[in-house]
Structures are given as structure tokens and as C-alpha cells.
Amino acid sequence: MEQRMEIEDELAGVPTLEEIERHPMDDLLRTERLPHMWCPGCGLGTALSCFTSALMRSGLDLDKVAVVSGIGCTGRVAGYLRLDGFHTTHGRAIPFATGLKLANDDLKVVVFSGDGDLIAIGGNHFIHAARRNMDLTVICVNNFNYGMTGGQMGPTTPAGARTSTSPRGNLEHPFNIPNLAAAAGATYVARWTVLHARRLEKSIYKALLKSGFSVVEVISPCPTLYGRFNRAKYGTDMMEYYHQNAVIRHDAQPWEVDIELAGEVICGEFVDIERPTFQDRLRDKFGELHPSDELGLLHRPPVELESPGVVGLIQAKLPASSPETAAVRLGEPISEAVCVEDTGGRSEVRLCGFGGQGIILAGRITGAGVALYDEREVTLTRSYGPASRGGACSTALIISDSPILYPHVTHPCVMAAMSQEAYTTYQGQLAEGGVLLIDADLVKPDSKADQRVVPIPATRIAEHELGRRIVANIVMLGALTALTEVVSEEAMRKAILDSVPRGTEELNMRAFQMGYEYARGVVGR
């Protein structure tokens, strides 16, 4: 007994195995949603860690903390935090947060979003919230481009930087976020890179406890898009750049901290002042207001949904396949190319896969071929998640001989699925009698679906025959052209040459030809 007590005394203060395995931030993170969807090398994970660390250290009541995010890669933050979080529409994070704060002044409201969401479409809201000195903390992650939607130029892209929409270099002068915030009236303004994790965490801590409109700009790598366009395709390349070029100058004036391509990144705390907040002036004028209590906003009973919703209605209207309509099954040969137009000369097409496979490019090529060279009407819509790589993404087209009044695709008669997740997400929409092309090595079709399935080893051909997995999308386009009549072979070839990067024309034409010939073998031509 004494020996056992001695052992217990020796182990006093030593963490248990369960405590060792538990991450210190588990209480703040929705671990069931991890691993996150951000690309390797992205700095958003570091920014989120700094925020959670600062929040735990702040002593704020977590039941009274709300995090609001907009649209973009950074918009995923609100969903990963085990707090009251709101994922709002594009550019509307600040007005939503403003309403939240006005309705319940007891809340600490944090806006955590990206430069595209806050400074582009949300720029007007940003400057007016600063002007009013709304009591909000804004964390703006700046990766110099629209990282979620294809790496387009944004309002913070440095002059001369290359993006998908400025391939010869940006001609526009970018916004200087600290200067913009300071000029509009923010009470606290700081900037750090994700390399400066400790300093970033301290600034977020100060911003959380600061009264008024506080802004922390976080410079973060986007190796998948911005970095690749500007010869820094790995996250470590950008971090090394920060290490070599970041300069800490707390005494710098906000108008002196512009970021130039390949130039210095001036970091520090640039503004720390006191002035009455909008809430202070509101109380001075009207006394204590509690609109959320007065309107009963915090005590509403749960609402029961009385209808299945739009998605349910759409699914309910989809035609069910039957053995009679499934003329071609998995593994059976197709005798001829499939004509997929209705009597009005209209076709719906969906191409789908995961981010990074070039699905959006494949849709753009198809649309260009139809519009420019087949001279028919076409609409193009795109759908993707918040990550540039991974997840289900798709591009959908309507092709017609007559004007198209509405671009929404609901019953595609042709579908090409290049990932399992995309197949699972979209295969139920395939119209009765339609044809479904799948990547033979990446998609396992549902044998009970009774659909016309054609396996095309697009990724295998691209990787083994051409040595470049990245052209699997073009292989699939070749197969689609051979198997269907939605676009002519000549039009597709011309559109590919117009769309692919300079120097890759021969590779892409070989990929198209190999996909086309493989599919011709399937139809027995």
C-alpha cells in the first residue's frame, strides 16, 4: 500500500496517455471535420492556430464569441471552429457581423476572411465599418489572388505579378490594406506574415481585446496558384521569401507599407489609438439597448421544415433508369456514337472530378469549341468547393441551336466523372438514356444504377503513355468527342489549341488524339 502511494506521488502532475494524445486546441476545433481542405503549403492553418491560441489566452467567454467568414479559402475557418460561426455570402461578412453586434452587444464578433472577400466585393463594407468604428475584430488573410476560384488577379495583387487573369503581369496598383484601414478610421492595425507566428498571435490577442474596429492583415502563401504563377510553387519558397524580405518596423506610417513584387514586406503594429466606438455613441444617445432580448431573438422556438426543400424537389423529379432504357451497361460495347440532343437540338453536359484535374478548363474548352467553331448557342456554369485541390467540382454546359433562356443544368444527357466523390455527387442527375463516361481507374460505378457507363482510362493514358497526369482531362475530352455529337472533332481541336498554355500544344493534342482513338475503339469504328 505504501509502495503504491509512493508511485502515485511520483506520477503526480505527469499527464495521462489520454491527455498526451489530446491536442491543446481540441476544445476549439471541430476535429470531426479535419483534416482540413486547404492545399499543402497554404498558410491558413498557421493563421487559424494563431487565432485559436490568442483566443484561449484572451480570457474571453467562448460562449459569447462569434466568428463570421465570407466566401473563399479563408471562408472555411468558421466551419472548423467549435464556436458560434457564420459562413456568409460573398463580400458580406462585415455587414453580417455588424448586424450581429448591434443585435447583441455582449458578443465579441470576429470577422475572419480573405483579401478577395473583404477588400474586393466587400471593400465598401470594410471602409464604412472602419469609419463608424464598429466594435469588430477583422483578420484579413491576404494571399494576393482569388485562390479558391482559379488564381485570378485581385485588389491586393502586387503590380507586375502574374495571375490567371494577368498572365503578362498586373498593371493595376494594389490596395495597401493597413493604409486603407487606418485612413478609414480603424483603432488598431497590424500586419504579419504566417512566418511570424508568435508576433501574429500577440497582435490577434491585442486586436481581440481592443475596443473599436481592429484589423490584422496576415500575409499568407498560396503555392497552388499565386506561387506557381510567380515561380514560388512550394509553400517553403514563399516562407523563405518572407524570411529574407520581411522587415519589422513598428514606427512605419501606414502609407509607407505598400507591397511590391519581390520587394520588402513591412510588418509591425502601425496604428493603436483610442476613439469612441459606434456602440459607445449609441449608448450615449439612447442608453442601454438590448434588441436581441426585446425582440426575443435569442429565445425562438425551433422551426420545423414543412417541405423537402429545393434539392429534394429536384431529386424527386429526376427520371428513374430502368433496364429497358439502360441499353448500354458497364463493360458492353457501344455500336455507334451517341446522339444526345433532344428534338429541339438541345444537350446538357456535365464534366466533374476533383479540384486540380482541370475540370473547369475542360468545360471552358468545350464551350469555346461549341460557340466559336460550331457556331451554336452555349452556356457554362461552374461549381467547386473551397479548396483549389480536392473535393468535388464540376462544369456544366447547355448546348442548343436556339437561344438558351436559363443556364441551370438538371438532367445532363452526357456526363464525364473523373473522381469517385464527383461520381457519387452527380451521377443521380444523369438523364434517362444518357451516357456516363468514367475514369476507369478512379471511379467505381454503382452496378445497380442501370446507366450507360463507358470506362475510359484517362488518367492511366495520361500518366503511362504521355508521362503527364495533368492532361487526363484532355484525354477525357477526346473520348467524349468520339462518343457523342455535342461538339465536332474539328471544333474541339481548335479550342484546345486556343486554351492550353504556350509550349504544351503538342502534348495536349496527343492527349486528345489518344482519348479519341481509344473511344473510337469502344464504339467499334
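Near the amide H of residue 261, within less than 5 Å, lie the amide hydrogens of 159, all on another chain or at least 5 residues away, with H placed in the peptide plane. Taking a sphere under 11 Å around the Cβ of residue 203 and counting the other residues whose Cβ falls inside, with K and R at +1 and D and E at -1, yields a net charge of +2.
The alpha carbon convex hull volume per residue for segment 215-256 rounds to 100 Å³.
For residue 113, the shell of other residues with beta-carbons less than 13 Å away shows a net charge of -1, using +1 for Lys and Arg and -1 for Asp and Glu. Ligands, DNA and RNA aside, residue 204 has an accessible area near 0 Å² when probed at 1.4 Å.
Pairs to check: 206/285; 108/210; 101/202. Give those whose C-alpha atoms are more than 20 Å from each other in this structure. Distance filter (> 20 Å) returns 206/285; 101/202.
Rounded to the nearest 0.05, the FRET efficiency derived from the C-beta distance between residue 248 and residue 286 at R0 = 60 Å is 0.90.
A compact globular protein would have a Cα radius of gyration near 2.2 N^0.38 Å; the ratio found for segment 164-249 is 1.26.
For residue 423, the accessible area of its heavy atoms, probed at 1.4 Å with every protein chain present, is near 10 square angstrom.
Rounded, prolate or oblate: which fits segment 452-525 when a ≥ b ≥ c are the square roots of the eigenvalues of the alpha-carbon gyration tensor, with rounded for a/c under 1.5 and prolate only if a/b beats b/c? Cα axes put segment 452-525 in the oblate bin. All Cα-Cα distances of segment 378-525, cut into 10 Å bins from zero to the largest, leave 11, 39, 40, 10, 0 percent in each bin in turn.
Note that segment 103-240 presents 35 Å² accessible area per residue, ligands and nucleic acids not counted, probe 1.4 Å. Going by accessible surface with a 1.4 Å probe and the largest first, 406, 205 read 406, 205. If you sort 415, 37 by accessible surface, 1.4 Å probe, largest first, the order is 37, 415. Taking all protein chains as shown and a probe of 1.4 angstrom, residue 135 keeps an accessible surface of around 30 Å². Heavy-atom accessible area with a 1.4 Å probe sorts 125, 87, largest first, into 87, 125.
The values are calculated or read from the model by the stated rules, or taken from the named source; none is laboratory data. Values in this document were obtained by computation on a predicted structure and should not be read as measured data. Here Cβ is always computed from backbone atoms with ideal geometry, including for glycine, and neighbour counts include all displayed protein chains. Note: accessible area is taken over every heavy atom of the protein model, side chains too, but ligands, DNA and RNA are not part of it. Shrake-Rupley method; radii C 1.70, N 1.55, O 1.52, S 1.80 Å.
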